[in-house]
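Written below as structure tokens is the structure these notes are about.
The values are calculated or read from the model by the stated rules, or taken from the named source; none is laboratory data. Quick caveat: nothing in here was measured; it's all calculated off a predicted structure. As a convention, Cβ positions derive from the backbone with ideal geometry for all residues, glycine included, and neighbour counts pool all protein chains shown. Just the protein is used for accessible areas: all its heavy atoms, side chains included, with ligands, DNA and RNA removed. Shrake-Rupley method; radii C 1.70, N 1.55, O 1.52, S 1.80 Å.
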Amino acid sequence: MRISSKQNSNNSFCGLIYILVTNRYKRVGDLAVKLGCYSGKVSNLLLIFDADCAFCQACVRWGNRHLSGFPKTQGFQNLDLSLGPVTAEQAQQSIWLVSTVDSNFVPLPANRAAAFILKQDTNPFWNALGLVVDLPGFRTLARKAYFVVARNRAKLPGATEACELPQKLQ
């Protein structure tokens, strides 16, 4: 069976899952939504993060070096978030993955954004890890772990005072 060209052909793991469950899903788009395998272009995605935080900057540098198709990044401090899909307060709390062109793409916060990025990777390990941490049971644990790290990022190696979350967000 051939995989539709509308599906992200770089995402071999999602393609394999598509073949295995093709009888349950009639449209590639439905499957992409179910699995989080984006059928659009990663180049149309923007990862919004705290550019003042050294830990956050290190995470973005790591992603750019190690993950294929890592999205464009921009510090929320450099964006006009008044037109939204993400507010400034939301951007202070966690990373957000948004589309720059697709209004149907639902913005993803925190662990959902990280899992989505991993699921787009061509490396089967990162791809599978993204799928696992986005499963309903693991998703809850991943969210808790994400926010434990976010609350304590100022205590991590290489962190600066700018990494401290505002008191009202902790």
Review point. Given the residues A154, A113, which is the only one that is at pLDDT 90 or above and either surrounded by 14 or more Cβ atoms within 10 Å (Cβ to Cβ) or touching a Phe, Trp or Tyr at 6+ places or on another chain (Cβ under 7 Å) (or both)?
Key: A113
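Take the residues in region 44-60 that are of a type in the set (A, V, I, L, M) and assigned to a helix (DSSP H, G or I); name whichever of them is nearest to T73 (Cα to Cα). Break it down stepwise before answering.
We begin by selecting, within region 44-60, every residue of a type in the set (A, V, I, L, M); these are 45-48, 51, 54, 58, 60.
In the following step, the residues that additionally are assigned to a helix (DSSP H, G or I) were identified as 54, 58, 60.
Working: A54: 15, A58: 12, V60: 8 Å.
Among them, the one singled out is V60.
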Practice item. Residues being among the small types (G, A, S) and either open to solvent by 50 Å² or more (accessible area, probe 1.4 Å) or touching a residue at least 60 places away in the same chain (Cβ under 8 Å) (or both): count how many of those fall in region 130-151. Key: 3
Practice item. Could you figure out which of (1) aromatic (F, W, Y); (2) in contact with a strand residue (DSSP E or B) (Cβ under 6 Å, 6 or more places away or on another chain); (3) modelled with pLDDT of 90 or more isn't true of F125? Key: (2)
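Give the residues of region 47-63 that are within 13 Å of the chain's Cα centre (by Cα) and open to solvent by 30 Å² or more (accessible area, probe 1.4 Å), sorted by residue number. Outline the logic, then answer.
Step one: of region 47-63, the residues within 13 Å of the chain's Cα centre (by Cα) are 47-49, 59-60, 63.
Once the filter is applied, which keeps residues that are within 13 Å of the chain's Cα centre (by Cα) and open to solvent by 30 Å² or more (accessible area, probe 1.4 Å), region 47-63 yields only C59.
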Check your understanding: F76: at pLDDT 80 or above, buried (at least 18 other Cβ atoms within 10 Å of the Cβ), over 25 Å from P136 (Cα atoms) and over 16 Å from the mean Cα position of the chain (by Cα), yes or no?
Key -> no
Check your understanding: Residues in region 91-102: is at least one free of Cβ contacts under 8 Å to residues at least 24 places away in the same chain, over 8 Å from the mean Cα position of the chain (by Cα) and open to solvent by 50 Å² or more (accessible area, probe 1.4 Å)?
Key -> no
